[in-house]
Amino acid sequence: MIDTFTLAYIECALWASNDDADERGGEPLDANYGIDDLAPETLAAMIADCATFQRAHAADIADNLERAGHNFWLTRNDHGAGFWDGNYPEAGERLTAASQAYGEVCLCVYEGKIYDSI
C-alpha cells in the first residue's frame with residue numbers, strides 16, 4: 001500500500017506532467033494515465049525518494065502529508081509553487097533546499113508506460 005505522502009506526490013506528478021503527444025506538449029498525464037501506468041522502476045524510484053524525504057523531514061512536514069507530497073514534486077521540479085510559497089513559514093527554505101537536492105524528474109510515456117528520466 002502506498003502512503004498518503006507518496007500517493008499525493010504521484011498524483012501531482014501525473015497532473016503536472018504532459019504526454020508530449022503533439023507540438024503543444026500534449027495532454028496532462030492524469031487525463032489518460034494513472035498510477036498503474038507507471039513503469040515498475042519508476043514507481044519504485046518514486047516510493048524510495050518519498051520515503052527518504054519523509055524520514056529526513058518528518059518534523060517539518062508533520063501531519064500535512066498530502067500537501068507535503070504535492071509540494072515535494074512541485075519544488076524538486078521548479079514549478080511555480082512549492083514549499084517556499086508560504087505554507088511552511090518556518091521550514092519552507094529548508095524543505096525547498098532539500099527537495100531541490102533530489103534533482104528534477106521528467107516523466108515520459110513509452111509504449112504505454114510512464115518512465116522517469118533525471
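Couple of notes before you dig in:
- Boolean, Ala8 is among the hydrophobic types (A, V, I, L, M, F, W, C), touching a residue at least 40 places away in the same chain (Cβ under 8 Å) and touching a Lys or Arg at 6+ places or on another chain (Cβ under 6 Å): no
- Residue count for the range 27-46, restricted to those that are buried (at least 16 other Cβ atoms within 10 Å of the Cβ) and either under 12 Å from the mean Cα position of the chain (by Cα) or at pLDDT below 95 (or both): 4.
- Taking the range 1-60 as the range and being among the polar types (S, T, N, Q) and in contact with a strand residue (DSSP E or B) (Cβ under 7 Å, 6 or more places away or on another chain) as the test, the residues that pass are Ser17, Asn18, Thr42.
- For the condition surrounded by 14 or more Cβ atoms within 10 Å (Cβ to Cβ) and within 11 Å of the chain's Cα centre (by Cα), Thr75 qualifies.
- The single residue among Asp19, Asp85, Asp30 that is in contact with a helix residue (DSSP H, G or I) (Cβ under 8 Å, 6 or more places away or on another chain) and either more than 21 Å from Leu107 (Cα to Cα) or among the aromatic types (Phe, Trp, Tyr) (or both) turns out to be Asp85.
- Pick from the range 47-66, criterion without any contact (Cβ under 8 Å) to a residue 40 or more places away in the chain and of a type in the set (Gly, Ala, Ser), ranking: surrounded by the fewest Cβ atoms within 10 Å (Cβ to Cβ): Ala59
The values are calculated or read from the model by the stated rules, or taken from the named source; none is laboratory data. What you see is a predicted model, and the numbers here were worked out from it, not measured in a lab. No Cβ is skipped: glycine too gets one built from the backbone with ideal geometry, and neighbour counts run over all protein chains shown.
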